[in-house]
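S.K.: My questions will all concern the structure given below.
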Amino acid sequence: MKQRIGVYICHCGGNISDYVDVEELGKMFHQEENVVVSKDVMFACADSNQKDMVADIQANNLDAIVVCSCSPKLHLHTFKNVAARAGLNPSNYVQVNIREQCSWPHSDRPREATVKAAGLIRAGINRVSYSESLENIELSVKKSALVIGAGVSGMKAAIDLARSGNEVFLIEKDFFVGGRIAQKETLFPTNQNGKEVVAALYNEMKKFPNITIFTGATVEKVSGSLGNFTVDIKVKPRYINPNADKKAVKRAMDECPVNVHDDFNLGLVERKAIYKNYPEALPDVPVVVAEALKDATDFTGKFASTLNLNEEAQTLSLIAGSVLVTTGYDHYQPKEGEYGYKTISNVVTLPELNRLMEMNPDKLVYNGKQIKSLAFIYCVGSRQTKGDNKYCSRQCCTSTIHTSLQLKEKYKDIQTYHLYRDIRTYGKQELMYAESSKQGDLYFKYEEKEMPVVSVDGKSTIVKVKDYLTAKKEMEIEADLVVLVTSMVAREDATTISELFKIPIGRDKFFNEIHPKLKPVETVIKGVYIGGTCQGPKNVSESVQSSLAGASKITALLKSGTVSVDPIIARVDADKCTWCGKCSDVCDYTAIKKVLFGEKHVAGVNKAVCTGCGICAPVCPENAIEIAQYTDNEIESMIDGFVMDFDIKEKGAGKTVEVEEEGKVGMKEYPQVWREILAGMTDEKNTIPEIATNSKLASELVTFHLMTMNRYGVVVPAGMDAKETYYYYKVK
Amino acid sequence: MSRVNPKFATELSKYGSSDFNACFNCGNCTATCSLSTADSSFPREMIRYTTLGLEDDIKASLKPWECYYCGECSSECPRQAEPGELMMSLRRWLTAKYDWTGLSGLMYKSLPLSIAAFVLTFVGVLAFAFNADFDLEHMMHVGHLFEAIAIASIMVVIFVPNIIRMWYFTIVKPGTKVPFKKYVSSMGEFFVTMFVQKRALDCDDNRFRWFEHFILVIGYLSLLFTTVFMDWFSTQYLAVNIFGYVMSAIVFIVTVDFVNSRMKKKKALNKHSQPSDWFFVIWLFLMGLTAFMTRLFIDLNILETNKWLYILHFTVLVQWALIIVPFGKWTHFLYRSFAMYFAKLKEK
Amino acid sequence: MSTTINQSPATKSPKILVFSTDKISDPGIDQAGLRKIHYAPSVYVISLPCSSGIKPKWILHALEHGFDGVFIAADGHECSYSSRCAEHTNTIVEASQELMKEKNINPRRVRMAALCSVCAEPFASHMENYGKILASLED
């Protein structure tokens, strides 16, 4: 129990003191037994007050402090640092929020606000009296990072991580790097070929000896934690003899008699059973689909020295200090019959159209028919108020319009129809939308409850839509090709990654960051970051931005070789614990394991893994688990503090009146900075620059405080100077 | 169910429409238009119909005629889609659709064809003059006769069928049932529009444009009346003579201002002049001027020695009566008046 | 001249203890203050990392020591710790109600709702509604 507590109650320049009688409260808590210092201060966060606090802590030998001011979200760390500077353990500090949760919401009832503030402060004092000194947990970290997924986000992050001197392991599930952008012929807004971007990034990576790339590799097992993850990966065989002659390999590819499904081209064509995704695909070694060549013994016999069909998968163990997950997304796959997909022959998805365009350099042909008109149906698989994907996929409007412009540029005489719900070409992308409609692309707005219908009428495909802009006139559009603008969805294998690394998954099935604004690439798993589209729909620039943010975070984390982790984690009282395993069951992070304690088994907490969420605490039948800073004593004493009765004098009663009658502010003493300003006011007429020079304070600070001092009747303005630039101030 | 027809845009561009595809249907044009009402709102709706190529809906619509082209919509358009000009183009296209001969459409779409027609009529007049041995009296007699005959025959052969077609497209085909009594009671609207253009007064544009147009219509109709029925060129009455001078002067003075604004392109409505617009204002100007000069030469007794002037006047007259009146912009005078009349019929 | 005001009307409106979460619902409650959206001053807030960490005994402690009701401002599906957060929190509410039954406390004196990080108005209206419910309870 703390015996020498310091309490500071902030006026916040009136934000609090206009409604809460902070002076009275300051006096009231001064009388408490274990409170040594109790003050009301004008601005608790001001430098001068921080200095005063440090001096108080040291002079009075305080063992805990309570600052009653604004929300801890603003100044928790400010005052923790004050405590640290004064030699006090920062855990012995409690911030009480009497602004956002007291003076402001109850500005309509100042007296009751004062009562509530008293309760809040009493709770804070109670809580801090149970506080313990906690030390941050220091962990040593390996200067190596694992990047999962070699798409554009992963490759850019790998390069940045390597440049900062980290060992980088980049693993890719496919046999070739590049991910989704390799499937796009042109990328907005630079109109670069996706494959060229991939090649440039790959060649850049090759310049760094500290990047190791594994293709055809998957994560199998993860153990360890921040600073020291052990990740087992499985590298699938390519079945190509590493010593084989390049020309022979090329010949084997050309002569291969068996065809297989072409994943890269989304099944629009077939490919040889010895393949590369595309001729320039990297790494420049083809892959053999060994299963498919089982019966082609003549062929395999001929190339026996080139192929190595007995090659086996390898398992490797990688040690990484931190992990960046950039596993990307899947294209939404329309259900059979959704807008005629798979049931009407000329209905394709946008990614399929993008592949078709690359495969058809001169004339756009599908199913042997030249395509002259295309109808795009937007929001397929996104913004479904009743379906799974409630989110907007964000990049598809731009992607479609860009494709439409490309179509017109590449093939002459193309008419496109766009059936949309809302066009969301935010930012610079809006210019493309303008360009598209100027070129005569026709846009039709439809409502979700009146979806377009695709049907066949003789030889032609008809899309029927109720056009919003002609008061829902029913329109028929004849199109040679109907293109479904499909959304980005979380990868099917995201759940595997989520289970391995314990990354939380959101309602939309994408990985969840801690906070969308303030911790956008961090996950609750310490040392595991997310970047790119595995987190949610993004365009290429946004994906790269987020993965680079993750890379910077990792670099900063790994830089010093050690990392200190917040000590607010679960603790098990080994005497009470009987090991039932319930805590271990509910923990999403496998932070709790059965350990031997003397003669018996108890729950042991892995300090590096525990997030301090507290889920384990309520499930313990023995009440053996507590979270540091949220112990039963602390919480229950806070509750006791809230309900305690107070004897509070009404404002204007008693001693304060006398002080106010003299026109002085009713605080015990002025803040240091006010004293300095008053000392700098040498005569009857002082301008702000003069006061600033005299008191050696920044003029902005003087301006700011003079305004408050004026409000409290400490100083008053006394006309303006001759040039009417500055007000004169004088002491009242 | 209507079929989308993007080719209509290409067709309409031959009638002078510009960048209406840039429209993103914000509706600023309709909001800013002082003539658009809740019951009859335009021009956004017409732009949408045009974009989608809904020819039948456009043909059934009287809205293009309800617009008097103040140009405010075009100045306010955030995408520079020129809605005002689109309405103008639709009027040209409709004129072509109403015309059973199809000649209007051909002339709107082809400048060479229009020029050929002008040259042909000029040659015809010259041939006639040769044939008449340049006998001024004979020529003037025929000229006077021509005017009366041309008016009557164009009315019967071209305008009556065309108006019936317009009535069919806008009233009968969309299935509007109008009791006969209403046809009679709504007649007032027709005459008010024809002579006063009252509706144009509601345009946000300044009143001067309406006034100019008003006195031009009055001047033109009076001049027609003076020359055809009061035989201005041969009259002995001083009052008729002076009246003719004044009216012809009004016609060519006002048209000078019209030509001038089209050249300066200061206002939205003057920015996109089509050949048909130029022909209309210039020939109107020439009509007024040559008529004025002819009578002046008669009064000064020098026409006998300047027969070329009368031949010029006669040429302008023939071209006006045979090309511009039946197939050119003159028709808007008629169609607009009928459009207002039909709109009145459609009112519930 | 000293006036004791602990018998002011504030104490008449039901005392509600709110458990909020550091990252999501507490910022939502702060937001209500920031925007000067008023709710009863008899509402007190304790912020925790996650609503799944509330011990039923704390709830009981509050109800036995002067609070009229406990309101859990949970993260629901937004929770960054666990996708099963709502489920866990619900279990806690049920466990508390079991304990309360033993002490003859009306189970409606504990309540749970999801609150987002900008849910200022919803918080105020939750407090108003819950206050009314609590005021009507006679146990």
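Read-outs throughout are calculated quantities, based only on the coordinates presented, and are distinct from any laboratory measurement. Here the structure is a predicted model, which is why all the values come from computation and not from measurement. We place every Cβ from the backbone using ideal geometry, glycine too, and count neighbours over all the protein chains shown.
S.K.: Can you sort C:H61, C:H88, B:H213 from fewest to most other Cβ atoms within 10 Å of each residue's own Cβ?
M.R.: B:H213, C:H61, C:H88
S.K.: What is the fewest-to-most order of C:D22, A:D585, A:D480 by other Cβ atoms lying within 10 Å of their Cβ?
M.R.: The most exposed by this proxy come first: A:D585, C:D22, A:D480.
S.K.: If r is the Cβ-Cβ distance from A:D575 to A:T78 and R0 is 51 Å, what FRET efficiency results, to the nearest 0.05?
M.R.: FRET efficiency, A:D575 to A:T78: 0.85.
S.K.: Out of the DSSP beta bridges found with both residues in the range A:336-485, what percent are antiparallel (nearest 5)? It would help to have the intermediate numbers written out before the result.
M.R.: On the way: 14 of 30 bridges.
Rounded to the nearest five, the antiparallel share is 45 percent.
S.K.: Taking just the alpha-carbon atoms of the range B:7-98, what radius of gyration and Dmax come out, in angstrom?
M.R.: 11.7, 33
S.K.: How many nm separate the modelled label positions at A:D683 and A:K509, each set 7 Å beyond the Cα in the direction of the Cβ?
M.R.: 7.9 nm
S.K.: Once you've got the Cα coordinates, tell me which of A:K236/A:K390; A:K472/B:K198; A:K372/B:K271; A:K206/A:K363; B:K264/B:K329; A:K390/C:K15 are over 28 Å apart.
M.R.: Exceeds cut-off: A:K236/A:K390; A:K472/B:K198; A:K372/B:K271; A:K206/A:K363; A:K390/C:K15.
S.K.: Throw me the Rg/Rh for the range A:670-731, computed over C-alpha atoms with Kirkwood Rh, two decimals.
M.R.: Using only Cα positions, Rg/Rh for the range A:670-731 is 0.92.
S.K.: Relative to a virtual label point 7 Å from the Cα of A:Q439 in the Cα→beta-carbon direction, which members of the range B:1-30 show backbone nitrogen distances below 16 Å?
M.R.: B:21-23, by backbone N distance to the label point.
S.K.: Separate question: In 10 Å bins starting at 0, how do the alpha-carbon pair distances of the range A:70-224 split up by percent?
M.R.: The calculated distribution, bin by bin, is 10, 22, 15, 12, 17, 18, 6, 0.
S.K.: Hey, another quick one. Which residues in the range A:617-645 place their backbone N less than 11 Å from a point set 7 Å from the Cα of C:K57 along the Cα-to-Cβ direction?
M.R.: Once the point is set 7 Å along Cα→Cβ of C:K57, A:618, A:620-626, A:632-633, A:636 turn out to lie under 11 Å by backbone N, inside the range A:617-645.
S.K.: Measuring from label point to label point, each 7 Å out along Cα→Cβ, what is the A:S107 to C:S125 span in nm?
M.R.: For the pair A:S107/C:S125, the computed spacing is 2.3 nm.
S.K.: Over the range A:566-628, what per residue volume does the convex hull of the Cα atoms give, in whole Å³?
M.R.: Dividing the Cα hull volume of the range A:566-628 by its residues yields 72 Å³.
S.K.: While we're here: Putting +1 on Lys and Arg Cβ atoms and -1 on Asp and Glu Cβ atoms, find which of A:I568, A:I592, A:G612 reaches farthest to the positive end of the dipole of the range A:566-628.
M.R.: A:I592
S.K.: Would you calculate a helix-derived [θ] at 222 nm for the protein assembly as shown, using -39,500 (n - 2.57) for each DSSP H run of n ≥ 4 and dividing by the full residue count, to the nearest 500?
M.R.: -12500 deg cm²/dmol
S.K.: So for the range A:246-312, Kirkwood radius off the Cα pairs, Stokes-Einstein at 10 °C and 1.306 mPa s: how many µm² s⁻¹?
M.R.: The calculation lands on 129 µm²/s.
S.K.: Provide the FRET efficiency to the nearest 0.05 for the C:H65-A:T385 pair, computing r from the beta carbons and using R0 = 56 Å.
M.R.: Numbers: r = 45 Å, r/R0 = 0.81.
Taking R0 as 56 Å, the efficiency between C:H65 and A:T385 is 0.80.
S.K.: Return, ordered by residue number, the residues of the range A:513-547 whose backbone nitrogen is under 16 Å from a label point located 7 Å along Cα→Cβ of A:A200.
M.R.: A:540-542, A:544-545
S.K.: Charges on Cβ only, +1 for Lys and Arg, -1 for Asp and Glu, centred on the Cα centroid of the protein assembly as shown; of A:Q545, B:W308, A:C392, which one is farthest towards the dipole's positive end?
M.R.: Sorting the options by dipole projection puts first B:W308.
S.K.: Please compute P(r) over all alpha-carbon pairs of the range A:147-233, binned at 5 Å starting from zero, and give each bin as a whole-number percent.
M.R.: 3, 14, 23, 22, 18, 11, 5, 3, 1
S.K.: Just to be sure I understand the rule: take each whole DSSP H helix in chain B, project its Cα atoms onto its long axis, keep it if the span is 27 Å or more and its mean Kyte-Doolittle hydropathy is at least 1.6. Which ones pass?
M.R.: Working: long enough: B:111-131 (30 Å, 2.08); B:207-228 (31 Å, 1.06); B:238-264 (39 Å, 1.31); B:275-299 (35 Å, 1.22).
Helix filter hits for chain B: B:111-131.
S.K.: Further question: Report P(r) for the range B:107-346: all Cα-Cα distances, bin width 10 Å, range 0 to the bin holding the largest distance, values in whole percent.
M.R.: 7, 27, 34, 23, 8, 2, 0
S.K.: Moving on. State the antiparallel share, in %, of DSSP beta bridges confined to chain A, rounding to the nearest 5.
M.R.: Bridges in chain A are about 55 percent antiparallel.
S.K.: Let me ask you something else. Which three numbers, in whole Å and largest first, are the semi-axes of the equivalent ellipsoid of the range A:336-485 derived from its Cα gyration tensor as √(5λ)? Intermediate values should be presented prior to the final figure.
M.R.: On the way: eigenvalues 91, 74, 48 Å².
Over the Cα atoms of the range A:336-485, the semi-axes work out to 21, 19, 15 Å.
S.K.: Right, here's the next one. Taking 41 Å as R0, compute the FRET efficiency from the Cβ-Cβ separation of B:S75 and A:K428 and round it to 0.05. Intermediate results must be reported in sequence, preceding the final value.
M.R.: Numbers: r = 27 Å, r/R0 = 0.65.
Efficiency computed from Cβ-Cβ geometry: 0.95.
S.K.: On a C-alpha basis, how far is the centre of the range B:269-347 from the centre of the range A:1-44 in Å? Whole number, if you could?
M.R.: 94 Å
S.K.: Starting from 0.36 nm per residue, how many nanometres of slack lie between A:K600 and A:N243 once their C-alpha separation is accounted for?
M.R.: In short, 122.7 nm is gained.
S.K.: Here's another thing I want to ask about it. With +1 on each Lys and Arg Cβ and -1 on each Asp and Glu Cβ, and nothing else charged, work out how big the dipole of the range A:566-628 is about its Cα centre, in Debye to the nearest 20.
M.R.: Around 140 debye, computed over the range A:566-628.
S.K.: According to a simple spin-label model (label point 7 Å from Cα along Cα-to-Cβ), what is the distance in nm between B:H213 and A:D295?
M.R.: So the two model labels end up 8.2 nm from each other.
S.K.: Here's something else I'd like to know. Please give the charge dipole size of the range B:79-122, origin at the Cα centre, charges +1 on K and R Cβ atoms and -1 on D and E Cβ atoms. Round to the nearest 20 debye. Mind dumping the intermediate values first?
M.R.: Working: 5 positive and 3 negative charges, 18 e Å.
Roughly 80 debye, rounded to the nearest 20.
S.K.: Using alpha carbons only, how many degrees (0 to 90, rounded to 10) separate the axis of helix A:152-163 from the longest principal axis of chain A?
M.R.: Value to nearest ten degrees: 60.
S.K.: Report the GluC sites (Glu not before Pro) located in the range A:429-503 that are in a DSSP loop and have at most 13 other Cβ atoms inside 10 Å of their Cβ, or state none.
M.R.: The qualifying sites are A:E447, A:E448, A:E450, A:E492.
S.K.: If you check each cysteine of chain B for another cysteine whose beta-carbon is under 4.7 Å away, which ones come up empty?
M.R.: Lacking a cysteine Cβ partner under 4.7 Å: B:C23, B:C26, B:C33, B:C67, B:C77.
S.K.: Which order results if C:L99, B:L223 are arranged by neighbouring Cβ count within 10 Å, fewest first? Show your work: numbers first, answer last.
M.R.: Numbers: C:L99 15, B:L223 23.
Going from least to most buried by this count: C:L99, B:L223.
S.K.: Taking the Cα atoms of chain A, what is the range of coordinates along each of the three principal axes, in descending order and whole Å?
M.R.: Here the spans come out as 104, 76, 49 Å, largest first.
S.K.: Based on the alpha-carbon gyration tensor of the range C:1-134 and its eigenvalue square roots a ≥ b ≥ c, which shape applies: rounded if a/c is under 1.5, prolate if not and a/b is larger than b/c, or oblate? Could you put the intermediate results ahead of the total?
M.R.: Working: a/c = 2.13, a/b = 1.19, b/c = 1.79.
It is oblate, given that a/c is not under 1.5 and a/b is not larger than b/c.
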